[in-house]
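Beneath this line is the structure, given in structure tokens, with notes to follow.
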Amino acid sequence: MSGFTRLERIPVRILPDHEAISHEVAERIATLIRTRAAEGRQAVLGLATGSTPVGIYRELIRRHRDEDLDFSNVVTFNLDEYFPMGPESIHSYHRFMRENLFDHVNVPPDQVHVPRGDLDREATEAHCESYEAAIREAGGIDFQILGIGRSGHVGFNEPGSGRESRTRLVYLDTVTRADAASDFFGEENVPPEAVTMGVATILEAREIALIATGEHKSAVVKRAVEGEVHADVAATYLQEHPSATVYLDPAAAAELTRVRTPWILGEVSWTPEREPEAVLWLSQRTGKPILQLSTKDYRDNHLSSLVARHGSAGPLNGEVFNRLISKIRGKSKLPSRERIVVFSPHPDDDVISMGGALRKLVENGNHITVGYQTSGNIAVFGHEVRRYLDFVERARPLMELAEHAALSRRVEAVEAHLAGAHPGDVDADDVLDLKRIIRETEAVSALESVGLGSENARFLDLPFYQTGKVRKDPITERDVARCLDFLDETKPTIVFAAGDFSDPHGTHRMCLEAVTRALDAYRGPAPQLWLYRGAWQEWPLAEADVLVPMSAEELRKKILAIFKHQSQKDVAPFPGPDPREFWQRVEERNRGTAELLRSVGLPAYYAMEAFVVLEDGERLATALVPTASLGEGF
Ligand code: F6R
């Protein structure tokens with residue numbers, strides 16, 4: 001392999017997306033199962049839970065159904081389980097495995113093993129020993145699937161876990177608890193402990209696949225793959241394994257040196273996309289504005305070949321500077337009098353991610369319709385519903401609404417349900433509907449604050465989201481059909497959608513899948529596609545095609561629009577790993593983009609939103625793979 005990978009201490013495969021990874025790993029597992037069956041032997045699988053392996057399980061289920069993949073010779077051992085945790089709880093990994101794999105394939109129940117979280121402490125210790133013994137008796141694990149937590153854990157081997165550790169009870173790290181908070185509707189509900197296979201248990205597997213997707217994993221992936229082996233990051237122990245592979249999507253690979261700054265590792269082939277990345281990097285590294293970078297700066301920082309292509313620094317600096325400045329598009333350079341559709345995954349993503357541009361597009365006389373793809377109802381607290389019910393009661397005489405027995409019974413039933421609900425319980429349908437309606441009224445109110453009205457809103461309520469749970473169903477034709485109907489109705493010339501791949505729960509990712517599939521099926525003239533990013537991160541300057549500046553006053557108005565989403569304010573049920581409110585993240589992100597531009601020597605704006613624009617027919621998948629990652633090692 002070329003010099004590109006020399007900082008990587010473990011084989012890494014970067015594949016185009018989560019689906020491609022799932023296919024490849026499932027193929028490996030299916031081959032193992034079949035080979036073992038042909039030899040009259042069992043295949044022993046080590047399994048993980050969480051969002052990462054779900055695609056692999058889905059693909060294995062498909063092969064069982066469509067290709068007769070037989071699981072009767074399969075023995076499974078799961079990595080971990082929360083403690084304390086009953087096997088029927090919706091948070092239990094026993095239940096997760098049944099719902100996501102075991103109930104759908106013919107693996108014999110007595111060949112399935114998941115650590116128990118429902119025993120007392122003493123019995124748990126004995127259980128851990130017998131778990132290890134059962135793995136040994138099965139002949140050891142043939143193939144182990146691993147995810148990685150932002151703490152660097154594999155299984156629940158948190159920082160400090162030793163190389164020799166075995167199956168045991170452990171305390172969960174703060175980062176892990178914060179990441180699990182949204183599953184449990186609050187960090188305080190996350191169990192403090194877990195039973196997990198140890199590092200030594202994992203390393204004894206004959207083959208290991210560690211899988212990571214999403215930008216939120218990119219920093220820990222870099223540490224695990226390029227950093228020294230250390231107990232602070234349990235995943236680094238995999239470097240000592242003879243047959244471990246790390247599978248990444250481009251977002252999770254983004255911080256690897258061969259992707260972020262490949263020129264440090266050796267000669268790269270310079271492309272129009274990569275050149276600005278390198279110049280921006282050099283400007284930040286030297287602290288000099290782009291137009292002041294010298295030929296020596298390039299030569300001293302691994303960029304001799306780049307500057308040589310342009311003769312000297314001047315023309316290169318000028319070209320990149322001009323390219324960046326041409327991306328800045330104030331109101332007069334933004335579309336006007338077009339038919340615009342905005343797909344918003346949740347009811348607040350439109351104003352969070354493009355509230356500034358949206359106002360300017362309204363002022364430019366565009367015809368805008370916002371399609372809210374999901375209701376976002378699971379992110380509404382019960383106390384919000386209670387407040388609206390109280391409003392109905394109090395407003396009744398004023399609105400001259402007669403006493404209505406059926407209504408009172410409904411209100412009582414909802415109140416009783418809310419009073420008996422535990423965090424994370426699936427709500428009754430009535431409650432889910434009320435929560436949906438609360439978010440719809442907030443969305444309309446936010447639209448009004450940017451100059452639109454309820455006639456500009458469509459609530460698509462995609463079926464994949466309607467589980468009442470954090471975990472969603474896969475996107476199906478029904479979801480695509482609703483998006484397609486919306487396109488048929490609105491016939492847009494421009495479509496905005498969330499190009500967000502770091503959403504921990506995948507809802508934004510899935511919403512983008514529904515949009516792209518609908519656009520593929522759409523028979524009207526192909527609209528231009530503008531991708532904004534959700535609440536988690538922003539497009540890098542080099543990747544963005546359009547930068548929309550905002551004054552201090554415009555940013556304030558944008559934040560006021562976000563405030564209309566009152567049920568998500570103060571304490572949002574899904575803050576993710578970042579505890580700040582959405583408006584705070586937006587303020588920092590939009591000001592940060594402007595500051596970055598200023599720091600490389602471009603005009604000093606107050607704040608900025610960024611967009612990637614894909615022209616007619618451009619394929620989304622290839623457009624979004626960072627160009628630098630298309631090197632060797634694929
Ligand atoms: C789950 C497990 C954990 C997860 C890790 C990543 O059985 O052992 O190590 O693999 O926390 O979780 P996701 O995939 O949800 O990001």
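The values are calculated or read from the model by the stated rules, or taken from the named source; none is laboratory data. Bear in mind that the values here come from a model prediction, so they are computed numbers and not experimental data. Cβ placement follows ideal geometry from the backbone for every residue including glycine, while neighbour counts extend to all protein chains displayed.
If the condition is being touching a helix residue (DSSP H, G or I) at 6+ places or on another chain (Cβ under 7 Å), at pLDDT 95 or above and closer than 26 Å to Gly198 by Cα, then the stretch 48-59 contributes Thr49, Ile56, Tyr57.
So which residues in the stretch 359-376 are under 24 Å from the mean Cα position of the chain (by Cα) and either closer than 22 Å to Ala544 by Cα or assigned to a strand (DSSP E or B) (or both), if there are any at all? I'd like the intermediate steps shown before the answer.
Residues of the stretch 359-376 under 24 Å from the mean Cα position of the chain (by Cα): 370-376.
Passing the criteria: Val370, Gly371, Tyr372.
Close Cβ contacts (under 6 Å, 6 or more residues apart or on different chains) running from residues in the stretch 76-105 that are assigned by TED's automatic domain parsing to the domain that holds Asp142 and over 17 Å from Ile56 (Cβ atoms) to residues that are within 14 Å of the ligand (Cβ to nearest atom) and in a helix (DSSP H, G or I) comprise Glu81/Tyr93; Pro87/His94. Evaluated against (1) assigned to a strand (DSSP E or B); (2) not assigned by TED's automatic domain parsing to the domain that holds Arg6, Trp263 falls short on exactly one condition, (1).
The residue that is nearest to the ligand (Cβ to nearest atom), among those in the stretch 198-218 that are touching a residue at least 60 places away in the same chain (Cβ under 8 Å) and more than 20 Å from Thr49 (Cβ to Cβ), is Glu215. Suppose the filter is surrounded by fewer than 16 Cβ atoms within 10 Å (Cβ to Cβ) and not in a helix (DSSP H, G or I); does Ala395 pass it? Against the criterion (surrounded by fewer than 16 Cβ atoms within 10 Å (Cβ to Cβ) and not in a helix (DSSP H, G or I)), Ala395 does not qualify.
In the stretch 177-186, the qualifying residues are those that are within 15 Å of the ligand (Cβ to nearest atom) and either assigned to a helix (DSSP H, G or I) or surrounded by fewer than 18 Cβ atoms within 10 Å (Cβ to Cβ) (or both), and the one that is modelled with the highest pLDDT is Arg177.
Selection of the stretch 58-94 for residues being among the charged types (D, E, K, R), under 26 Å from the mean Cα position of the chain (by Cα) and more than 21 Å from Ile29 (Cα to Cα) yields only Glu81. Hey, any hits in the stretch 241-250 for a residue that's modelled with pLDDT under 95 and either within 12 Å of the ligand (Cβ to nearest atom) or under 22 Å from the mean Cα position of the chain (by Cα) (or both)? The answer is yes; a qualifying residue exists. Given the criteria in a loop (DSSP other than H, G, I, E, B) and either surrounded by 17 or more Cβ atoms within 10 Å (Cβ to Cβ) or within 29 Å of the chain's Cα centre (by Cα) (or both), does Leu434 qualify? Spelling it out, it is not the case that Leu434 is in a loop (DSSP other than H, G, I, E, B) and either surrounded by 17 or more Cβ atoms within 10 Å (Cβ to Cβ) or within 29 Å of the chain's Cα centre (by Cα) (or both).
When each of Gly318, Gly376, Gly314 is tested for being at pLDDT below 95, small (Gly, Ala, Ser) and either under 20 Å from Val515 (Cβ atoms) or out of contact with any Lys or Arg (no Cβ under 9 Å at 6 or more places or on another chain) (or both), the lone residue that passes is Gly376.
Hey, any hits in the stretch 152-169 for a residue that's of a type outside the set (Gly, Ala, Ser), free of Cβ contacts under 8 Å to residues at least 60 places away in the same chain, within 15 Å of the ligand (Cβ to nearest atom) and over 30 Å from Arg13 (Cα atoms)? Give the derivation first.
Here is the first cut: in the stretch 152-169, the residues of a type outside the set (Gly, Ala, Ser) are 153-154, 156-159, 163-164, 166-169.
Of the ones still in play, those that are also free of Cβ contacts under 8 Å to residues at least 60 places away in the same chain are 164, 166-168.
With within 15 Å of the ligand (Cβ to nearest atom) added as a condition, the list becomes 167-168.
Next, from what is left, pick out any that are over 30 Å from Arg13 (Cα atoms): 168.
So far as the stretch 152-169 goes, yes, one or more of its residues are of a type outside the set (Gly, Ala, Ser), free of Cβ contacts under 8 Å to residues at least 60 places away in the same chain, within 15 Å of the ligand (Cβ to nearest atom) and over 30 Å from Arg13 (Cα atoms).
Contact map, the stretch 34-50: residues that are under 19 Å from Thr201 (Cα atoms) and hydroxyl-bearing (Ser, Thr, Tyr) paired with residues that are within 16 Å of the ligand (Cβ to nearest atom) and part of a helix (DSSP H, G or I), Cβ distance under 7 Å, separation 6+ or inter-chain. Pairs shown: Thr49/Tyr93; Thr49/Phe96; Thr49/Met97. Of all positions in the stretch 188-196, none carries a residue that is within 16 Å of the ligand (Cβ to nearest atom) and assigned to a helix (DSSP H, G or I).
For the stretch 136-151, a residue qualifies if it is among the hydrophobic types (A, V, I, L, M, F, W, C) and away from the ligand (no atom under 11 Å from the Cβ), and the qualifying residues are Ala138, Ile141, Phe143. In this structure, Glu122 does not satisfy being assigned to a helix (DSSP H, G or I), touching a Gly at 6+ places or on another chain (Cβ under 9 Å) and either away from the ligand (no atom under 12 Å from the Cβ) or of a type in the set (Ser, Thr, Tyr) (or both).
None of Val268, Val279 is touching a residue at least 40 places away in the same chain (Cβ under 8 Å) and surrounded by 23 or more Cβ atoms within 10 Å (Cβ to Cβ) except Val279. So is Phe156 under 22 Å from the mean Cα position of the chain (by Cα) and buried (at least 18 other Cβ atoms within 10 Å of the Cβ) or not? Here the answer is yes, as Phe156 does meet what is asked.
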